[in-house]
Amino acid sequence: MPGGTVLKNEARTEAVHRVAKEELGEPIVIDGCLGTYEHFYDRSEIQGVDSKHYVATAYRCHLEHDEPDLSGDDQHSAFDIFRPPFNDLHPYVERYLDDL
């Protein structure tokens, strides 16, 4: 589930392509938009802030190449394939997968 920030003056779909290339090391094709999701957390990385709320737009994508070389980056060096039933995943991740 690659994810990232949309940069200033960058279209959301451009961000999807950029983040996939950075985090997976491979280009992707966008199949469609799943919609917008809200995430609420009772903690924050910012000192003095005790919670966070962010809005994510999820896209269904597939890898452009039939035999990709998933290299990842420093933050995303391990990959896994998820198939139903989805066990032991964060509830927010489960929502994305259920909506596929």
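Observations, loosely collected:
- In the set (1) part of a strand (DSSP E or B); (2) among the hydrophobic types (A, V, I, L, M, F, W, C); (3) modelled with pLDDT of 95 or more, Leu7 fails one condition alone, (1).
- Residue match in the range 34-45 (condition: without any contact (Cβ under 8 Å) to a residue 24 or more places away in the chain, in contact with a helix residue (DSSP H, G or I) (Cβ under 7 Å, 6 or more places away or on another chain) and either farther than 20 Å from Val93 by Cβ or not in a helix (DSSP H, G or I) (or both)): no
- Selection of the range 18-33 for residues being in contact with a helix residue (DSSP H, G or I) (Cβ under 7 Å, 6 or more places away or on another chain), within 17 Å of Glu67 (Cβ to Cβ) and of a type in the set (A, V, I, L, M) yields only Ile28.
- Checking Gly72 against (1) modelled with pLDDT of 80 or more; (2) on the phi > 0 side of the Ramachandran plot, the condition it does not meet: (1)
- Within the range 34-52, the set of residues being farther than 30 Å from Ser71 by Cβ and among the acidic types (Asp, Glu) comprises Glu38, Asp42, Asp50.
- Per-region count, the range 17-62, residues over 15 Å from Gly3 (Cα atoms) and surrounded by 14 or more Cβ atoms within 10 Å (Cβ to Cβ): 0
The values are calculated or read from the model by the stated rules, or taken from the named source; none is laboratory data. Worth saying up front: this structure is predicted, and the values here are computed from it rather than measured. Positions of Cβ are generated from backbone atoms using ideal geometry, with glycine treated the same way; all protein chains shown enter the neighbour counts.
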